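In what follows, a structure is listed as structure tokens, so that the remarks can point back to it.
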């Protein structure tokens with residue numbers, strides 16, 4: 001009788017991947033990054049264990065969106081106080097903090113709760129080509 005393999009913390013190997021976002025479509029890039037962070041690309045994928053790898057995304061300022069999303073897509077956050085709703089269009093967000101756009105897109109594709117919060121910590125996003133994780137020797141991944 002064969003048994004199903006269930007990954008545990010002690011037998012998980014985490015790799016580092018480098019992804020260049022220059023000219024990539026935001027949603028397609030975010031779904032691939034979320035897949036790697038979740039660990040679905042590995043045969044040892046287990047839904048309740050963090051089996052994913054670390055991901056570094058560079059050139060976040062050069063992502064592409066289709067249609068009229070630059071003006072129509074709005075990021076909203078609410079402080080909880082009356083009049084505390086803040087709305088920022090994608091165009092302004094890309095100009096001020098392009099790394100946050102990719103971070104939010106990926107975070108919203110991961111599970112909510114403690115496991116998703118642990119997974120999103122393994123994502124590093126940089127607006128330009130410079131990044132600080134050369135010591136980890138990330139493998140360049142073409143998406």
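Sorting the segments 89-101, 47-59 by their mean number of nearby beta carbons within 10 angstrom, highest to lowest, gives 47-59, 89-101.
What's the angle, to the nearest 10 degrees (0 to 90), between helix 98-107's Cα axis and the longest principal axis of the chain? Helix 98-107 sits at roughly 50 degrees to that axis.
When DSSP beta bridges are restricted to pairs lying wholly in region 15-140, around 30% turn out antiparallel.
When 42, 2, 137 are arranged by Cβ crowding within 10 Å, least crowded first, meaning fewest neighbours, the order is 2, 137, 42. Identify which of 113, 27, 83 has the largest mean-square fluctuation in a Gaussian network model of the chain, with springs joining Cα atoms closer than 10 Å. Checking each option, the largest mean-square fluctuation is seen for 83.
Calculated mean residue ellipticity at 222 nm for the chain: -8000 deg cm²/dmol, from DSSP H runs with n ≥ 4 weighted as -39500 (n - 2.57), summed, divided by the residue count and rounded to 500.
Relative to the longest principal axis of the Cα atoms of the chain, helix 26-38 runs at roughly 30 degrees. Taking other Cβ atoms within 10 Å as a rough exposure proxy, 126, 131, 5 sort from fewest to most as 5, 131, 126.
Can you sort 70, 110 from fewest to most other Cβ atoms within 10 Å of each residue's own Cβ? Before the final figure, lay out the partial values.
On the way: 70 15, 110 21.
Ordered from fewest to most neighbouring Cβ atoms within 10 Å, 70, 110 come out as 70, 110.
Cut-off 10 angstrom, C-alpha nodes, Gaussian network model of the chain. Which of 74, 102, 63 fluctuates the most? Among 74, 102, 63, the largest GNM mean-square fluctuation belongs to 74.
Using 1/(1 + (r/R0)^6) with R0 = 25 angstrom and r between the beta carbons of residue 15 and residue 112, what's the FRET efficiency to the nearest 0.05? Before the final figure, lay out the partial values.
On the way: r = 25 Å, r/R0 = 1.01.
The pair residue 15/residue 112 has a calculated efficiency of 0.50.
Only one of the listed values, [x] 17.0, 62; [y] 15.6, 51; [z] 14.8, 45, was derived from the coordinates as Rg and Dmax of the Cα atoms in Å; which label is it? The calculated read-out lines up with [x].
Here, each number is a calculation from the coordinates, and none is a lab measurement. All figures in this text were calculated on a predicted structure; none of them were measured in a lab. Cβ: placed from backbone, ideal geometry, glycine included. Neighbour counts: every protein chain shown.
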